[in-house]
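See structure below.
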Amino acid sequence: MGAACCKCTPRWKNEDDVICAYLYEECACCRPKKFIIRGCRSKDKDHDWNLPNNSTARKLLEEEIFNPYGLPVQISHDVPKACCGYQMFEGSVARLESEWCPRMNEKLEPYGFMVDGFEWVEYRYISHGQNGGGHTQPVPHLCIRVKKLIGKNA
């Protein structure tokens with residue numbers, strides 16, 4: 001969910017200082033609601049977020065983001081639904097920005113990083129299979145972006 005084709009820039013990476021993102025993923029049927037990292041593969045040893053001197057910042061952030069009972073997951077889960085049944089993540093971003101990001105940014109700033117909430121809606125075509133036709137459906141996305149502070153050496 002939220003991935004882009006190999007030639008596209010993901011929507012969450014719409015600013016130069018964004019180095020990776022933790023996308024909120026939910027599936028009501030079988031998987032738990034959680035965040036997954038994007039834009040930073042573990043085998044990319046030269047990626048800013050994978051450098052050994054940034055391991056403390058990453059650990060501080062991931063202790064909260066990957067906690068299934070933590071505030072980021074609670075905020076992401078407790079949002080109203082739109083008329084079509086999909087979540088309206090604008091409220092989640094506002095709560096992340098007011099309740100969680102300021103505290104986390106205080107911890108990350110000495111390491112040269114900051115976080116923010118970001119949401120967007122993609123429209124995907126849903127095929128009706130052999131009967132032909134289909135429809136376009138809105139698919140909302142939410143993530144916590146990790147940004148490198150300009151002028152800071154992490």
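For the stretch 69-92, indicate whether the set of residues that are under 14 Å from Arg145 (Cα atoms), within 15 Å of the chain's Cα centre (by Cα) and of a type in the set (D, E, K, R) is non-empty. No - not one qualifying residue is present in the stretch 69-92. Of the residues making up the stretch 121-140, those that are touching a residue at least 12 places away in the same chain (Cβ under 8 Å), open to solvent by 50 Å² or more (accessible area, probe 1.4 Å) and not hydroxyl-bearing (Ser, Thr, Tyr) number 2. The residue list Cys40, Cys29 contains one member that is modelled with pLDDT under 80 and either within 12 Å of the chain's Cα centre (by Cα) or part of a loop (DSSP other than H, G, I, E, B) (or both), which is Cys29.
Selection within the stretch 79-110: residues that are among the hydroxyl-bearing types (Ser, Thr, Tyr) and modelled with pLDDT under 95. The member of this set that is most open to solvent (accessible area, probe 1.4 Å) is Tyr86. If the condition is being part of a helix (DSSP H, G or I) and within 12 Å of Leu149 (Cα to Cα), then the stretch 100-114 contributes Asn105, Leu108, Glu109, Pro110, Tyr111.
The values are calculated or read from the model by the stated rules, or taken from the named source; none is laboratory data. None of these values were measured; they are calculated from a predicted model. Please note: Cβ atoms are built from the backbone with ideal geometry, for glycine as well, and neighbour counts cover all protein chains shown. Keep in mind that these areas ignore ligands, DNA and RNA; they rest on the heavy atoms of the full protein, side chains included. Shrake-Rupley method; radii C 1.70, N 1.55, O 1.52, S 1.80 Å.
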